[in-house]
Structures are given as C-alpha cells and as structure tokens.
Amino acid sequence: MQYRKIFSNAGLSTYALIFDEGDEAVAELSRFAGETGVNGASLSGVGAASSATLGWFDFAAKSYEPNRIGEQVEVVSILGDIATTEGRQTASSRHAVVAKRGGSAFGGHLLECT
C-alpha cells in the first residue's frame, strides 16, 4: 500500500491510499492508521478486488456471518470510519458493495478484501 497526504487545512487532512496487488485492505487500513497517527477519520473508496468477504450482522448472535466471494469483483463503494479506542487500539467499521461480472451486487460489513 502507498499513501499520500493530498490536503491539509486547520488540522484536518485528506489522504489517498492506493493498494498494491495482493494487499489485504482491512489490515492495510490498520497499518495506515498506526503509521500516520490517524485516530479519527471517515473513509470512502472504490476499485477492484480479487476476492472479498462481506459480513451480515446476526443481531441475535451479535456476530457477523461471513459471505466469501472468491472471484474478481468491482468495488462499487466502501464507506466507513477509523477510530481509536480508549486502549489506543485502532478500530474501523467498513461497509462495502461489490459487484460480480454481469452486475449482481453484494453488500455488507467488509471483513476482508484483497
């Protein structure tokens, strides 16, 4: 992953992140936050992936049911946030919509994306 600060004003900054082939995006987001000291942010993105795992939240079980898509997908949208917990651990919440060839789309909590 490569990243660059592209705008900064009054303490607010905008970064562009570009993932390399084979990068796992969720892990790289955590690395980015740790390296830059970002402790509160909103995020958005688009792109392509060789595979993705989206989670459907089972409210009764309080856990995600993973839905793995083991083929190339177009990343139509990623929206989420990055925050730092009281213990200074980086946490993020990401939701995504991905589309397969032919246009069928799938959405959920982004658990993995390569």
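Ser77 fulfils the conditions (1) hydroxyl-bearing (Ser, Thr, Tyr); (2) modelled with pLDDT of 95 or more; (3) over 23 Å from Met1 (Cα atoms) except for a single criterion, (3).
Among residues of region 80-114 being more than 9 Å from the chain's Cα centre (by Cα) and of a type in the set (A, V, I, L, M, F, W, C), the one that is modelled with the lowest pLDDT is Ala91.
The values are calculated or read from the model by the stated rules, or taken from the named source; none is laboratory data. Values in this document were obtained by computation on a predicted structure and should not be read as measured data.
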